[in-house]
Each structure stands twice: as C-alpha cells, then as structure tokens.
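Enquirer: Quick one: structure below, then a few questions.
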Amino acid sequence: MEEETGKQFGSDNDPLLVSVRSGAAVSMPGMMDTVLNLGLTDKAVEGLATISGNRRFALDAYRRLLNMFGDVVMGVPHDAFEEEFDRIKEQHGVTLDTDLNEEGLDQLIAAYKAVYRKHTGEEFPQDPYLQMQKAVEAVFKSWNIPRAIRYREINEITGLLGTAVNVQSMVFGNMGDDSGTGVAFTRDPSTGLNEFYGEFLVNAQGEDVVAGIRTPQNVTEMVHWRKDIYEQLLDVKRILENHYREMQDIEYTIERGNLYLLQTRTGKRTGFAAVKIAVEMVVEGRITRNEAMMRVPANDLNQLLLPTFDPSAAREVLTTGLPASPGACFGMLAFSADEAVDRTHEGEAVLLVRKETSPEDISGMHAAAGILTSTGGMTSHAAVVARGWGKCCVAGAGEITINEADRTITINGRTFGDRDTLSIDGSTGEVMAGKVATQDPQLSDEFDSLMEWADEHRKLGVRTNADTPADAARARSYGAEGIGLCRTEHMFFEGERITEMREMILAENQEDRITALDKLLPHQREDFKGIFTAMAGLPVTVRLLDPPLHEFLTHEKHLQAELAERLGLPVEKIEARVAQLHESNPMLGHRGCRLSITYPEILEMQVTAITEAAIECQQEGVEARPEIMIPLVGTAKELDLLRQRVERTIALTARNRGITDLVEIPVGTMIEIPRAALTADQVAEHADFFSFGTNDLTQMTFGYSRDDINSFLPHYLRQEILERDPFQSIDVSGVGQLVEMAVSKGRIIDENMKMGICGEHGGDPASISFCHDIGLNYVSCSPFRVPIARLAAARRRLNKGLNKNGTRRRRRVRRG
Ligand code: PEP
Ligand code: MG
C-alpha cells in the first residue's frame with residue numbers, strides 16, 4: 001500500500017491512513033466492527049492538515065478515529081462521545097456535525113481524549129502500529145459480539161470459523177463539497193427493478209450512511225451535484241454485473257472528484273426482488289434457468305405469498321417515509337428492541353418504532369411485525385437487514401417525533417402510544433392510522449415462470465395439508481397436486497357439530513353413540529364432498545379421527561353447566577366423564593387408531609361419510625379420489641384389523657347405495673410411532689401407502705412432548721446441543737434414519753408403494769431435501785408453503801449435481 005500510494009504508515013508528514021474492516025464468508029451487514037482513519041496521531045493530524053491543505057478535514061478524521069477506536073476497540077460507550085459532541089455543538093451554536101469549525105473540532109478532540117482516558121485509564125495510543133494491532137484484534141473478536149451471534153442464529157449461518165480482517169487504504173469523502181460517500185445496489189433490492197438504486201451524502205464518511213445517522217440523498221439526485229460521477233457509477237454497475245452476473249451491493253467514496261469503490265458483494269434482497277432479478281437475468285442471457293432457481297432460497301417465496309394492503313380500503317395516511325422494505329403490516333407501538341421481543345412473545349403484533357435502528361436492535365427487529373424509523377435511509381444497515389429477512393420497514397419518516405420517556409410518538413400534532421395500532425406500507429412508505437384492510441397477494445409473471453421451471457425439474461410431488469374446501473382450493477391455485485393430510489377432527493368443532501360430538505362422547509352405550517354419530521354423518525359427508533370437489537381429479541388423503549376424546553369436552557365449569565342444560569343431562573355426569581377421560585400423558589394415550597379399536601362405530605361413521613361423498617361426487621360427474629389413512633399405528637395387527645373394518649364399511653355403503661362401479665379407495669397408514677417404522681415390512685403387508693407423520697415421530701423418537709418443549713428447547717439451541725428445532729426441520733440422523741428404514745422395509749414388500757410425508761417438516765426446505773434424497777413420492781405441507789416446497793424440491797434435485805461451493809461436480813479423472 002505504501003508503494004502504491006506513495007505515503008508511509010506512521011509518517012508524521014504524509015501519513016498513510018487505513019481502515020480495518022471485517023469480511024466474513026457470508027455477508028452480515030453491519031453486524032461486525034470497522035475502524036476507520038487508523039494511523040492518525042497528534043503529530044500526524046497536523047501533517048495531514050498541511051498536505052491536504054484542509055485542517056478542518058484532518059481534525060474531523062482524527063475525532064472519528066478517537067470515537068471509533070474508543071468505542072469498538074476499547075469498549076468506551078458511544079454515548080459518552082456523543083454527549084461531548086452535542087455539548088460542543090451547542091456551545092458553538094450549530095446543529096449539524098459538518099458545521100462545526102476548526103476551533104470546535106480542536107476542542108472536541110481534547111474532550112474525546114478525556115473521555116477515552118476516563119473510561120480506559122490510559123491515553124489514546126500515539127503509536128500507529130499499536131493502533132493497528134489492537135484494531136485488528138478487535139475486528140476479529142467482533143465475530144462474537146452479541147448482535148453478530150444473534151444474526152447468525154436468526155439466519156442459520158453455521159460452520160464458519162470466524163471473520164477475515166481486511167486492512168485497506170483510506171480515501172476520504174469528507175474532504176469538502178467535492179467529496180462524498182454512498183452505498184448503492186446495481187438493482188432495486190426491494191422490488192428487483194433493473195434500476196440503479198442508492199444513496200449518498202456530500203462531505204461525509206461511509207459510516208454516516210450505513211449507520212443511518214444522517215438521512216442521505218437518493219443517488220438519482222447526484223446528477224445535480226456531479227453528473228460525471230453519476231455516469232461513472234452507471235458504468236460501474238454495468239461492469240460489475242457483467243463480471244459477477246449477479247446484483248451487487250457496493251460502497252463508494254468520492255475524494256475530491258475522484259470515484260473510488262471500497263467494496264462490492266452480492267446484495268441482500270427481498271423475496272420479490274430475488275425472483276424478479278433471477279428471472280430477468282435469465283431473459284438477459286446472463287444466467288441459466290437452473291442458476292436462477294438456485295438463486296432464490298425457497299423460503300423467500302413466503303414474502304410473495306403474504307397479503308398486501310387493499311388499494312380500495314379506506315386509509316388515513318399520517319405521514320410518508322422511505323419505502324425501505326416492502327410488506328403490509330400493522331401493530332401496536334413498541335419503543336425498544338427488548339420490548340418488541342417480549343410483547344411479540346406474549347402474542348401481540350408490534351411495530352418497533354425507533355429514531356434509527358442500530359445493529360444492536362436485531363432481535364427486536366426480527367421479532368416485530370414491522371419497523372418504523374424517523375431518520376436513516378434505505379441503505380442503512382437496518383434497512384438492508386430488514387430486506388434480507390423480508391421484514392416490512394418504513395425508514396426516515398422525518399415527521400415523526402419519538403418521545404421515548406412517555407412512550408409516545410407525535411405525527412403532525414397527533415399523538416400515539418403503546419396501545420395504539422398503526423399500519424405501515426413498506427412499498428410506498430405510508431404510515432397509516434389503525435389497521436388497514438389487506439388483500440390476497442397478486443403473483444407476478446416472474447413468479448409463474450420460476451414455478452414452471454421448478455415443476456419441470458422436481459421429482460418430488462407436492463400435496464397440501466388442508467381440511468376445508470377453501471384451503472384446498474387455495475392450495476390448488478398454488479400448485480398442490482392433492483391433499484396429503486385432511487385432519488378430520490377440525491370439522492367437529494364447527495357450530496352444532498361440537499354438541500353432537502359431545503353427545504357421542506357422553507353416550508353410555510354403543511347404541512346411543514351410534515345415534516349421536518348418525519347426526520354427525522351428513523355434516524362429514526358434506527365436508528368431504530366440498531373437499532373432493534375442490535380437489536377434483538387429485539388424490540385426497542383423509543385421516544380418521546386422531547385426538548383423544550377429552551379434547552372435545554370442555555374443562556371449564558360454567559361451560560360444562562351450559563352443556564348439561566343443552567343436552568338435558570345432570571352436570572355431574574359431564575364432570576364424571578371428563579374425569580374418566582383424563583390422562584396423564586394424552587399424547588401417548590387413548591388416541592389415533594386406538595380410538596377406532598375401542599369405538600369401531602366412529603370409524604364406521606367416518607368411512608361411510610367418505611364413501612357416500614365419493615359416490616355422490618361420482619354421480620355428479622366430479623372425479624373424487626379419496627384415500628383413507630389410519631393414524632398412530634404401532635403394530636401390523638392394528639392395521640390388519642382396521643383395514644378389514646374399513647373395507648367392510650366401504651362395501652356395505654356401496655351396496656346400500658346400489659353402486660357396483662365405485663372407484664377403489666386405497667387404505668394406508670401413517671408411520672408416526674417408532675415401532676411402526678421398525679416393523680414397516682410387517683405394516684406394509686396391510687397398507688396401500690405410507691405417510692410419515694414426523695410431528696409424532698419426532699416427539700416419540702426424542703421423547704420430547706410436542707406441547708412442552710418451550711421450557712427447555714431454547715437452552716438446547718443456545719448451548720448447541722441441538723442445531724435446530726427438530727419439530728421444524730427434520731432430525732436427519734435420528735428421526736430421518738427411522739423414516740429411511742421404513743421406506744426400505746416397506747418397499748421390500750411393495751416396491752412401488754406410494755410414500756409421503758405430512759408432518760410440518762413437509763414445508764421446510766431442508767427436510768424436503770431429505771425427502772427427495774430418500775426417494776419419497778411427495779411432501780405435504782400447508783397451502784402457503786406449497787410454492788416453497790415446489791421450488792425446494794427442484795433446487796434439491798439440481799443441487800445434487802453441485803459441489804458444496806456451488807460449482808458443477810466434476811468426475812474425478814484417474815491420473816497415471
Ligand atoms: C404428525 O404427527 O406428523 C401428523 C401429521 O399428525 P398430527 O400433527 O395431526 O399429530
Ligand atoms: Mg400425528
């Protein structure tokens with residue numbers, strides 16, 4: 001660097017100044033530390049003043065070093081410096097940092113040194129090599145500061161040893177009005193539009209932009225300041241995109257009219273932008289379709305499937321800020337990151353309102369429904385991080401005054417407190433009173449193209465978990481190829497049915513139970529008809545009743561009294577039945593197929609309803625394709641017995657209806673008890689298909705109650721005993737081993753046996769990869785995750801041909 005710049009590190013006359021920056025293998029904007037202007041000392045600052053002919057600039061650079069070095073390297077509170085700055089600005093009657101004159105800066109440097117001394121017990125080091133050594137160490141260590149750790153947790157960044165440290169020669173954007181600094185993206189990271197996007201500040205250093213301290217100008221306004229530089233930047237966009245074939249996030253500085261690029265990296269973007277950029281780059285001929293699919297993390301599609309504000313809904317716009325990260329969200333106001341975390345935990349939707357967000361706030365930003373700031377621009381770290389998560393954010397809404405002390409904000413004379421709800425539109429920057437109505441998302445042509453390509457490449461089928469016609473229809477419009485799990489118990493909670501269900505449970509003998517079930521049957525039949533119709537031509541796996549019966553009774557005394565009155569029964573009888581049904585471990589109790597063994601009439605009613613619905617659909621020309629699934633099987637014998645009962649009921653129902661040409665209804669089982677997996681070959685003798693219920697399988701393999709993990713799971717994750725919540729992402733080595741074993745054992749009996757997964761894991765990209773690898777036929781997930789599963793399945797298939805670093809796997813050539 002000395003050779004290239006002709007300056008010397010440690011020189012008093014013409015010092016080479018450097019920055020010490022972090023640089024991890026994965027971009028973590030603003031999460032680690034940086035020190036600028038390293039190499040300045042009491043003597044060198046005068047040398048810099050002479051050689052630059054600008055003493056004010058030299059002093060400004062020195063005070064920044066004192067502040068950053070003190071804060072980042074020595075742990076001096078940033079506020080201690082800020083207080084001095086505010087005091088001296090006030091003394092000089094100025095409000096902007098840039099208006100403080102040389103005399104003020106001299107004073108400030110003395111004050112900063114005193115702050116440094118007070119908090120560290122030593123003088124600011126006058127040896128540049130010592131500064132360097134300490135700064136390098138501090139930046140290495142900043143890998144482990146809490147916000148960096150939290151960011152990696154949230155983004156599931158694991159397996160990295162730490163950050164690199166870059167030492168780079170300084171250029172200065174604060175050398176006067178012909179200098180400046182900024183951040184830019186080669187395409188719009190919110191929408192993906194192919195437009196240069198960015199911000200800049202005249203006469204400033206980079207930290208001022210990314211830290212969100214001053215609200216910068218839009219880069220398109222640069223033409224009024226320096227048209228030549230704006231044009232150079234457009235050239236940079238072209239060169240970088242041609243080279244990287246990817247959208248770039250750049251930091252640049254203009255020093256006395258010369259443009260310097262400080263860094264470039266692949267830019268963070270929203271899910272919208274990810275899809276648009278990837279598909280447009282295919283159209284531009286920069287990348288292939290396969291590369292496009294590999295560039296959109298499947299989970300990012302989630303954002304495209306979220307509601308937007310209804311344009312025709314009434315809205316009272318209070319003010320407009322910068323549209324920093326798109327989305328439509330509403331919430332009550334929270335004034336600190338911790339508050340946002342706590343209140344979200346308690347089930348509230350909150351908007352985190354801050355003057356500016358600092359990287360320290362990331363937990364709160366992640367928890368909150370949305371983020372609203374009164375200063376800061378669209379390229380501040382807060383905005384970049386929010387976009388990376390697809391979290392709605394409106395920044396720099398300057399008309400908002402935040403009164404932290406009394407926990408209110410004021411917007412143009414109106415005051416709102418922590419119980420008030422506001423809505424923010426991250427695509428327009430509008431801040432609105434109350435909760436504005438939303439509408440279903442409008443999917444773009446680019447989304448459709450990407451999905452089409454994914455369908456061409458995936459091998460795994462994608463079904464949905466749905467138990468209403470509306471959910472079934474929605475999932476179908478998202479590309480579901482059938483229903484993998486229709487949980488029938490949800491149907492018993494609606495309206496009158498819950499009373500009929502309770503009547504059935506309270507019945508004292510089989511005869512009374514059958515009378516109650518007869519009342520439920522027509523409701524079930526209509527439900528199934530609706531679902532079969534919504535999924536006409538596609539398979540619908542209906543699971544027989546699964547939860548323990550006590551879940552349908554009420555445990556509250558006053559409701560029990562009401563029920564007694566309605567059914568004309570003594571309340572004591574209800575209390576006694578509730579007590580009788582009580583179980584210590586209901587998840588391991590009288591549920592699933594055990595109910596059908598003890599109360600065969602429940603199975604018979606459900607199977608009759610399914611069969612009658614199929615018959616009626618058939619008669620109306622609707623192609624119904626039901627499949628009947630028995631839950632919680634642990635032994636082959638259970639399935640053997642129940643299957644016979646199901647088949648008898650189907651045959652009887654068809655006969656009663658005078659039908660001879662009923663389409664065959666396959667009968668299969670869930671594999672969700674470890675014993676069923678271990679004996680899958682025996683179970684397979686009686687099953688037409690397997691569907692892995694990995695929720696229960698995880699519960700029973702780990703011995704963790706699904707409903708009670710919150711008391712210990714966070715500790716397990718923090719202490720890295722578990723890498724992930726095994727209920728969200730399948731535990732490949734344990735639970736996965738059982739699934740894989742069951743697949744092979746089942747296929748010994750029937751090599752073409754259809755096998756799928758219907759636990760929550762069916763919508764999780766990592767688990768979907770596993771399902772692809774072990775040769776399942778389909779995954780089934782909630783309607784909103786269907787497109788995610790389609791893309792994840794294609795990505796896994798494509799990825800199989802790639803190395804870890806994303807390059808194509810090459811055949812090993814034997815040498816010699
Ligand atoms: C399962 O156990 O994975 C499953 C799908 O069933 P449920 O969640 O209803 O128990
Ligand atoms: Mg289950």
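Enquirer: At R0 = 22 Å, how high is the FRET efficiency between N155 and Y244 if r is their beta carbon distance? Nearest 0.05 is fine. List each step's numbers first, then the result.
Expert: Details: r = 21 Å, r/R0 = 0.98.
Result of the calculation: an efficiency of 0.55.
Enquirer: Further question on the same structure: Kirkwood Rh and Cα-based Rg: tell me the resulting Rg over Rh for the chain, rounded to two decimals. Kindly include the intermediate steps, with their values, before the conclusion.
Expert: Details: Rg = 32.2 Å, Rh = 30.5 Å.
Looking at the chain, the ratio lands at 1.05.
Enquirer: So who's got an amide H within less than 5 Å of the one on R625, skipping anything under 5 residues away but keeping other chains? H placed 1.01 Å off N, in plane.
Expert: Amide H neighbours of R625, under 5 Å, 5+ apart: G537, L538, V540.
Enquirer: Using Cα pairs closer than 8 Å and at least 6 residues apart in sequence, work out the relative contact order for the chain, in percent. Each step should come with its number before you reach the end.
Expert: Details: 1616 pairs, mean separation 73.9, N = 816.
Dividing the mean separation by the residue count of the chain yields 9 percent.
Enquirer: Name every cysteine in the chain that ends up alone, with no second cysteine's Cβ under 4.7 Å, or say none.
Expert: C393, C486, C593, C617, C758, C771, C781
Enquirer: Now for a separate question. Over segment 36-127, what portion of Cα pair distances is larger than 18 Å, expressed as a whole percent?
Expert: Numbers: 1721 of 4186 pairs.
Distances greater than 18 Å cover 41 percent of the Cα pairs.
Enquirer: If Lys and Arg each add +1 and Asp and Glu each add -1, what is the summed charge of the other residues whose beta carbon sits under 12 Å from the beta carbon of S142?
Expert: Working: positive: R21, K141, R147; negative: D33, D71, E137.
Local charge sum for S142: 0.
Enquirer: Can you return the lysines within cross-link range of K519? Criterion is Cα-Cα under 25 Å, with same-chain partners fewer than 8 residues away left out.
Expert: Counting by Cα, and skipping residues close in sequence, K519 has these lysines nearby: K529, K573.
Enquirer: In debye to the nearest 20, how big a dipole does segment 667-731 give about its Cα centre with +1 on each Lys and Arg Cβ and -1 on each Asp and Glu Cβ?
Expert: Values: 4 positive and 11 negative charges, 34 e Å.
Once rounded to the nearest 20, the dipole reads 160 debye.
Enquirer: If you don't mind, there's one more thing I want to ask. For segment 610-677, which GluC sites (Glu not before Pro) pass both filters: DSSP loop (anything but H, G, I, E, B) and at most 12 other C-beta atoms within 10 Å?
Expert: Details: sites: E612, E616, E620, E623, E627, E638, E647, E664, E672; in loops: E620, E623, E664, E672.
Answer in residue order: E620, E664.
Enquirer: Using the Cα centre of the chain as origin and beta-carbon charges of +1 (Lys, Arg) and -1 (Asp, Glu), tell me which of L193, V275, M68 is placed farthest towards the positive end of the dipole.
Expert: Result: V275.
Enquirer: If D338, D725 are ordered by their accessible area, calculated over protein heavy atoms with a 1.4 Å probe, which sequence runs from highest to lowest?
Expert: Values: D338 110, D725 25 Å².
Ranked from most to least accessible, the order is D338, D725.
Enquirer: Then there is this: Could you name the lysines whose alpha carbon sits less than 23 Å from that of K113, not counting residues in the same chain fewer than 8 places away?
Expert: Of all the lysines, those that pass the test against K113 - Cα under 23 Å, at least 8 places apart if same chain - are K43, K89, K134.
Enquirer: Between Q442 and K43, what is the label-point separation in nm under the 7 Å Cα-to-beta-carbon projection?
Expert: The answer from the label model is 6.8 nm.
Enquirer: For the chain, take the longest principal axis of its alpha carbons; what is the angle in degrees between that and the long axis of helix 128-141, to the nearest 10 within 0 to 90?
Expert: The helix 128-141 is inclined about 10 degrees to the chain.
Enquirer: Follow-up question, since we're still on this one. Which value, in debye to the nearest 20, describes the size of the charge dipole of the chain about its Cα centre when Lys and Arg Cβ atoms bear +1, Asp and Glu Cβ atoms bear -1, and nothing else is charged? Spell out each step's value before the answer.
Expert: Working: 89 positive and 122 negative charges, 559 e Å.
Roughly 2680 debye, rounded to the nearest 20.
Enquirer: Still on this model: Would you list the P(r) distribution for segment 407-507, with all Cα-Cα distances sorted into 5 Å bins from 0 and each bin expressed as a whole %?
Expert: With a bin width of 5 Å, the distribution comes to 2, 8, 11, 11, 10, 9, 11, 11, 11, 9, 4, 1, 0.
Enquirer: Still on this structure, I have one more. Do any GluC sites (Glu not before Pro) in segment 337-424 lie in a loop, going by DSSP, with at most 10 other beta-carbon atoms within 10 Å of their beta carbon, and if so which?
Expert: Values: sites: E339, E346, E348, E356, E360, E399, E404; in loops: E346, E348, E356, E399, E404.
Taking segment 337-424 and a limit of 10 other Cβ atoms within 10 Å, the loop GluC sites (Glu not before Pro) found are E346.
Enquirer: Can you give the helix-only mean residue ellipticity at 222 nm for the chain, where every DSSP H stretch with n ≥ 4 adds -39500 (n - 2.57) and the sum goes over all residues, rounded to the nearest 500 deg cm²/dmol? Please list the in-between numbers first.
Expert: Values: 31 runs with 349 residues, N = 816.
Mean residue ellipticity, 222 nm, calculated: -13000 deg cm²/dmol.
Enquirer: Might you report the magnitude of the Cβ-based charge dipole of segment 320-383 about its Cα centre, with Lys and Arg at +1 and Asp and Glu at -1, to the nearest 20 debye?
Expert: Values: 3 positive and 8 negative charges, 56 e Å.
With Lys and Arg at +1 and Asp and Glu at -1, about 260 debye.
Enquirer: Let me ask you something else. What order do you get for 555-564, 466-475 when each peptide is scored by the mean count of other beta carbon atoms within 10 Å, highest first?
Expert: Most protected by this proxy first, the peptides run 466-475, 555-564.
Enquirer: Separate question: Extending each Cα 7 Å along its Cβ direction at E316 and A433, get the distance between those two points in nm, one decimal.
Expert: 0.2
Enquirer: If I take R0 = 51 Å and measure r between the Cβ atoms of I51 and E137 in this structure, what FRET efficiency does the formula 1/(1 + (r/R0)^6) give, to the nearest 0.05?
Expert: Working: r = 30 Å, r/R0 = 0.58.
The value I calculate is 0.95.
Enquirer: Between E723 and W225, what's the calculated FRET efficiency when r is the beta-carbon distance and R0 is 60 Å? Round to 0.05. Don't skip to the end; give the middle numbers.
Expert: Values: r = 49 Å, r/R0 = 0.82.
Result of the calculation: an efficiency of 0.75.
Enquirer: Excluding residues fewer than 8 places away in the same chain, name every one of the lysines whose C-alpha is closer than 27 Å to that of K391.
Expert: Partners within reach: K237, K268, K276, K355, K435.
Enquirer: Which residue, chosen from V167, H92, F492, occupies the Cα position most advanced towards the positive end of the dipole of the chain, where the dipole is computed from +1 (Lys, Arg) and -1 (Asp, Glu) charges on Cβ about the Cα centre?
Expert: The residue sitting farthest along the positive end of the dipole is V167.
Enquirer: Please give the helix 497-506 orientation as an angle from the longest Cα principal axis of the chain, in degrees from 0 to 90, rounded to the nearest 10.
Expert: Taking Cα atoms only, the helix is inclined about 60 degrees.
Enquirer: Next question, about the same structure. Taking only protein heavy atoms into account and a 1.4 Å probe, give the accessible area per residue of the chain in Å².
Expert: Working: 35580 Å² over 816 residues.
Accessible surface, normalised per residue, equals 44 Å².
Enquirer: Angle between the Cα long axis of helix 222-244 and the longest principal axis of the chain, 0 to 90 degrees, nearest 10?
Expert: Tilt of helix 222-244: around 50 degrees.
Enquirer: Classify segment 117-250 as rounded, prolate or oblate, taking a ≥ b ≥ c as the square roots of the eigenvalues of its Cα gyration tensor: rounded when a/c is under 1.5, otherwise prolate if a/b is larger than b/c and oblate if not.
Expert: Details: a/c = 2.19, a/b = 1.37, b/c = 1.60.
Since a/c reaches 1.5 but b/c is at least a/b, the shape of segment 117-250 is classed as oblate.
Enquirer: Sorting check: for 753-765, 415-427, which peptide has the highest mean count of neighbouring beta carbons within 10 Å, and how do the rest follow?
Expert: Values: 753-765: 25.2, 415-427: 19.7.
Going by the mean number of other Cβ atoms within 10 Å, highest first, we get 753-765, 415-427.
The values are calculated or read from the model by the stated rules, or taken from the named source; none is laboratory data. Computed from a prediction, not measured in an experiment: that's the story for all the values here. Heads up, the Cβs are rebuilt from the backbone with ideal geometry, glycines too, and the neighbour counts pull from every protein chain shown. The protein model used for the area step is the full one, side chains on, heavy atoms only, and it has no ligands, DNA or RNA in it. Shrake-Rupley method; radii C 1.70, N 1.55, O 1.52, S 1.80 Å.
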